[in-house]
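The values are calculated or read from the model by the stated rules, or taken from the named source; none is laboratory data. Everything numeric in this text was worked out from a predicted model, so none of it was measured. Cβ placement follows ideal geometry from the backbone for every residue including glycine, while neighbour counts extend to all protein chains displayed.
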Amino acid sequence: MFFDKFFSFLGKDLAMDLGTANTLLYTPSEGIVLNEPSVVAIETRTGNLVAVGKEAKEFLGRTPERIRAIRPMKDGVIADFEVTKEMIAYFIRKVVTGFRLAKPRINICVPSGITQVEKRAVLESAHQAGARHVRLVEEPMAAAIGAGLPIEEPVGNMVVDIGGGTTEVAVISLSAIAYSESVRVAGDELNEAIQRYVQEEFKLLIGENMAEQIKLRLGSACPLPEPLTMEVAGKNMVAGTPATVEITDSHIREAIKDPVATIVQAVRTALEKTPPELVTDIASRGLLLAGGGSLLRGLDQLVAQETELHVMLDDDPLTTVVRGTGKTLEHARHYRQVFIN
Ligand code: ADP
Ligand code: MG
């Protein structure tokens, strides 16, 4: 028993999905070993870490002046290098105590629009945390592998990954990305639209986390068979006092219709820019939706309507990318062409 544990961390290779909303870690022997929000709380004056992950997410909108809760990857680019590095190192150390001794390999999935400077920062932080070999994979590629699409074949595979900060649309063929488009409209933007709508329609101020709760409970892209309602607590804008209002799914559909339309438009734009042969493949095979944002009720139906394509939803869209990155670790030779460093 003890030896099992000992040897498993000695040889512990890791796959990481460094998402704008959530970071996940996976090991070939154990599967997903960490799944936490990509949020860091730091002390404003010293820059010291106060909390990371789930605990830090609770801080959003609740921090006193001496503490700041930061989402360093929020827009799909690294807003704060130091904080991102500390976050990466913290998560790695949380799951593998012997990491420095073991010198494992680590494959990290990054947004496809990442710059050279950002790549270097990610590589450096993984090395500093003790990794021996670090390979980077682009997010839509990892999503396609995670969902089991035949990426190495000479056919077009379309992947739409709707995360927190970005929606990435890509067409993959022969282990390469033939076309990709990243828009900074995804789950976060839906939360912000809900915040604005509740403020304008109900004169109620609510925080980011409450807006997300509303989205999860009531959010939809198409009318629902059964109406949904929810009591929402916030602060009355005029009186400044606590207040609650009842909100329905149709309110929320109205609130999020613009960002939802932007996401659908990104898919249409990608199709327009993709060469005809690949579009024909996509027309016969369909497109894959992944990422937490794809869980919005009826979004698959709306994308299907608007593109006239068959839409597949991954079974567990919040983990598709990390499972795909895990496969690139387990079958590194087979996937050698997909790494971008
Ligand atoms: P990233 O890869 O950018 O970290 P994720 O794929 O983890 O993003 O998705 C996070 C986003 O998915 C968040 O905006 C979250 O609110 C949203 N999300 C998660 N579950 C649901 C759901 N059931 N309905 C709608 N949105 C969801
Ligand atoms: Mg993601």
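Can you name every residue in the range 152-164 that is surrounded by fewer than 24 Cβ atoms within 10 Å (Cβ to Cβ) and more than 19 Å from E272 (Cα to Cα)?
Listed by number, the residues that qualify are E152, E153, P154.
Out of the residues in the range 180-213 meeting the condition of being of a type in the set (V, I, T) and farther than 19 Å from G163 by Cβ, tell me which one is surrounded by the most Cβ atoms within 10 Å (Cβ to Cβ).
It comes out as V198.
How many residues does the range 118-134 contain that are touching a Lys or Arg at 6+ places or on another chain (Cβ under 6 Å) and crowded, with 16+ Cβ neighbours inside 10 Å?
Counting residues in the range 118-134 that are touching a Lys or Arg at 6+ places or on another chain (Cβ under 6 Å) and crowded, with 16+ Cβ neighbours inside 10 Å gives 2.
Quick check on the range 252-263: of everything there that is part of a helix (DSSP H, G or I) and of a type in the set (A, V, I, L, M), which residue is nearest to V321 (Cα to Cα)?
Step one: of the range 252-263, the residues part of a helix (DSSP H, G or I) are 252-255, 257-263.
Among the residues that remain, those that are also of a type in the set (A, V, I, L, M) are: 252, 255, 260-261, 263.
On the way: I252: 28, A255: 29, V260: 22, A261: 24, I263: 19 Å.
Step by step, filter the range 252-263, then rank; the result is I263.
For the range 65-168, please list each of the strands (runs of 3 or more DSSP E) lying entirely inside it that holds at least 2 residues being more than 16 Å from ligand 1 (Cβ to nearest atom) and within 18 Å of L24 (Cα to Cα).
The strands (runs of 3 or more DSSP E) meeting that bar are 105-110, 133-138.
For A332, which of the numbered conditions (1) at pLDDT below 95; (2) within 16 Å of ligand 2 (Cβ to nearest atom) fails to hold?
Here A332 meets the rest and fails (2).
What single numbered condition from (1) surrounded by fewer than 18 Cβ atoms within 10 Å (Cβ to Cβ); (2) in contact with a helix residue (DSSP H, G or I) (Cβ under 8 Å, 6 or more places away or on another chain); (3) modelled with pLDDT of 85 or more fails to hold for G98?
That leaves (3) as the condition not met.
For every residue, the table says whether it meets (1) more than 15 Å from ligand 2 (Cβ to nearest atom); (2) of a type outside the set (A, V, I, L, M, F, W, C).
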{"site": "D161", "(1), (2)": "no, yes"}
{"site": "Y179", "(1), (2)": "yes, yes"}
{"site": "S182", "(1), (2)": "no, yes"}
{"site": "A193", "(1), (2)": "yes, no"}
{"site": "Q199", "(1), (2)": "yes, yes"}
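Can you find, within the range 32-79, the residue that is farthest from L318 (Cα to Cα) among those that are charged (D, E, K, R) and modelled with pLDDT under 85?
Across the range 32-79, the extreme among qualifying residues is E65.
Is it the case that the range 173-188 has a residue that's within 25 Å of R62 (Cβ to Cβ), part of a helix (DSSP H, G or I) and of a type outside the set (G, A, S)?
yes
Quick check on the range 62-73. Is at least one of its residues under 23 Å from D188 (Cβ atoms), charged (D, E, K, R) and in contact with a Cys (Cβ under 9 Å, 6 or more places away or on another chain)?
Checked the range 62-73: no residue is under 23 Å from D188 (Cβ atoms), charged (D, E, K, R) and in contact with a Cys (Cβ under 9 Å, 6 or more places away or on another chain).
Each row is one residue, and each column tells you yes or no for (1) among the aromatic types (F, W, Y); (2) on the phi > 0 side of the Ramachandran plot; (3) at pLDDT 95 or above.
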residue	(1), (2), (3)
A178	no, no, no
A186	no, no, yes
E189	no, no, yes
Y197	yes, no, yes
E201	no, no, yes
E254	no, no, yes
